[in-house]
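Everything on this sheet refers to the single structure shown next.
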DNA sequence: TTGAAAGCGCTACCAT
DNA sequence: ATGGTAGCGCTTTCAA
């Protein structure tokens, strides 16, 4: 650990005071240009770099937000992260990205350290609010895709109801009556997903049977497997709605393996509206979320919490889904 | 901006000195447990959170590394980022991710701020070393996929030669003779890519013509378009090697549109070996890079630079490609 | 077990 | 144009 070069070393070398060094380095006026040059030269020669901490301590600005996501390799979260990064950059804030590897233990470890590293935290959590609150004491927290109970938390609400209804309407209008779903049940909260609830509502609204539901892991392979099983039990299905796009892509593959042509023999509708849906063939029809906006909103809300500003009204903290019709349905 | 709650406020409220507060909060021994509880209660009540800066200033540990990538939405960079995050977490370091939106201007803006935010920087840069050096003065820099000239820089070298040779060998062994390439030429450095050079070498090694090369943008649509054009000019091609997997996926789509069955009518080989290659059908055969290792290596090397430790030998700072045979060739 | 004093590296403010 | 002084919020000696 080489000794750190401080502003004092530079000052001594350049034969000036620290304040003059500070002026030269921060491009303040009120300094002779030859002095400035001498200081800059000395700094360069010594390999001087100002301490972030000392700077941060004295200039109370610099905001850092922690973004916690379950899996950076999942394109959905990448899109959200992209939106958050963009929004943060526009404000001159930093974002530290934490990947909890979809593991509760890793999430625990993350919230334990995050508290000393950032000013506010936004993202996806599976832990109970009590536990989050305990570790994240006093720090603003914005939950994404999960409503908060404790008042000191905040959340970005994802409302897919309208979009899912549009999707079912679309399928029904195309003549589909026997529509199945590939649902995903989280290990943490083992109950039917919200997406399934929306789907059921929409189906019963049309007087259709919404009970044909398979379960799938959140992966391409999982989706392929689940569709194969579902079709084995219900060969009369003409359309399927899936928990998300990744699962839908697996379904697309399985359909092809079974010799079904999408959308003619089987229509497939995903959820999320990822870019990824355009690389498969046929391009995926999906209930689309504005992922960039989700990230941006989370940052915005964190900023307000931090500044003690008025919070966004609930309707602004909500992201609605809309049906994005491409080619698979 | 609500006044910040400091350790002094907690001390006053709890009726102890700051040092005692510090002890309570940092789980040091030498403190009465009732005193400790009183302090903790006061801290919680006031919503106290220690200043990262003050802490960092006094305990000179905490390392933060900046990861600069051109586009978080590109799965290649996401995989690299994933590797970097993982490696950093294992060391207890933080990573701040910067997305330069594939823009030189944005890259300039990034390097201007990055210097005051992190201890070292790793990633993808398009700017000249002189300019990087000027802004990143004194800070360790690890270039990925680009060799360094200046000694104070460091780089992770990507060697795809062996992998590309394997790919061409594989195609030739399958009977292919007329093999084209879809190359990408960067706006910044407009010369044939290294990947093309490797391809040409491999082809001429087999006594084959390596001049059938189309140019493509780095996107699915670009790849589709480029393949269509290339086949229009050279309808006798039986295989194509592409600049990367994203381009290859576009080629896959174009081939299907043209009524060609992959790999029977046209074999397609990508480059990168992304996970993404498994979601398309047929799954993409590709010259694969260990993206996780790239990210991890960059972090490792940055750490050594920071600590003044012995640098990794050049052969360790290199990532080799290998042919990953899936279904498209 | 607790407290007083010093100081981490820097910038802001007020002198000169 | 330059320097002196104070102080950001915290932890780390060292005394008591």
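Quick note: the coordinates plus some simple rules give every number you see, no bench work behind them. Quick caveat: nothing in here was measured; it's all calculated off a predicted structure. We place every Cβ from the backbone using ideal geometry, glycine too, and count neighbours over all the protein chains shown.
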Rounded to the angstrom and largest first, Cα extents along the principal axes for the stretch B:161-288 equal 37, 32, 30
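Helix-derived [θ] at 222 nm for chain B: sum -39500 (n - 2.57) over DSSP H runs of at least 4, divide by residue count, nearest 500? Intermediate values should be presented prior to the final figure.
Values: 12 runs with 141 residues, N = 329.
Value at 222 nm, helices only: -13000 deg cm²/dmol.
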Shortest-first nm distances, residue A:22 label point to equivalent points in other copies (7 Å, Cα→Cβ):
2.2
Evaluate E = 1/(1 + (r/R0)^6) for residue B:169 and residue B:116, where r is the Cβ-Cβ distance and R0 equals 56 Å; express this FRET efficiency to the nearest 0.05.
0.65
Output row for residue A:310: copy-to-copy label distances, label 7 Å along Cα→C-beta, ascending, in nanometres, one decimal, is 6.4
Taking the simple approach of a point 7 Å from Cα along Cα-to-Cβ for both residue A:34 and residue A:60, what is their distance in nm?
4.2 nm
May I ask you to report, in nm to one decimal and beginning with the shortest, the distances from residue A:37 to the same position in the other copies, taking label points 7 Å along Cα-to-Cβ?
6.8
Along each of its three principal axes, how wide is the spread of alpha-carbon positions in the stretch B:34-162, in whole angstrom units, largest first?
66, 31, 25
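Set the Förster distance to 22 Å, then compute FRET efficiency between residue B:19 and residue B:44 from the Cβ-Cβ distance, nearest 0.05. Please report the intermediate quantities before stating the final value.
Values: r = 19 Å, r/R0 = 0.88.
The calculated FRET efficiency here is 0.70.
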Let a ≥ b ≥ c be the square roots of the eigenvalues of the Cα gyration tensor of the stretch A:124-219; is it rounded (a/c under 1.5), or, if not, prolate (a/b larger than b/c) or oblate?
prolate
I'd like the distance separating the alpha-carbon centroids of the stretch B:171-211 and the stretch A:1-58, in whole Å.
51 Å
Rounded to the nearest Å, the spacing of the alpha-carbon centers of the stretch A:219-256 and the stretch A:70-95 is 30 Å
Candidates B:26, B:244, B:74, ranked by Gaussian network fluctuation over chain B, Cα under 10 Å, top entry:
B:26
Could you give the spread of the C-alpha atoms of chain A along their three principal axes, from largest to smallest, in whole angstroms?
87, 40, 34
Which residues does the label zone of residue A:265 cover in the stretch A:212-240, counting backbone N under 19 Å from a point 7 Å along Cα→Cβ?
A:223-240
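If the chain between residue A:217 and residue A:130 were fully stretched, how many nm would it gain, using 0.36 nm times the residue separation less the Cα-Cα distance? Walk me through the intermediate numbers first.
On the way: separation 87, 0.36 × 87 = 31.32 nm, distance 2.79 nm.
Taking residue A:217 through residue A:130 to full extension adds about 28.5 nm, to one decimal.
Shape verdict for the protein assembly as shown, please, from the Cα gyration tensor: rounded (a/c under 1.5), prolate (a/b greater than b/c) or oblate. Spell out each step's value before the answer.
On the way: a/c = 2.45, a/b = 1.26, b/c = 1.94.
Since a/c reaches 1.5 but b/c is at least a/b, the shape of the protein assembly as shown is classed as oblate.
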Working from Cα positions, state the angle (0 to 90°, nearest 10) between the long axis of helix A:104-114 and the longest principal axis of chain A.
30 degrees
Rounded to 0.05, the calculated FRET efficiency for the beta carbons of residue B:187 and residue A:27 at R₀ = 25 Å is 0.20
In nm, give the distance between the simple-model label positions of residue B:106 and residue B:4, each being 7 Å from the Cα along the Cα-to-Cβ direction.
3.1 nm
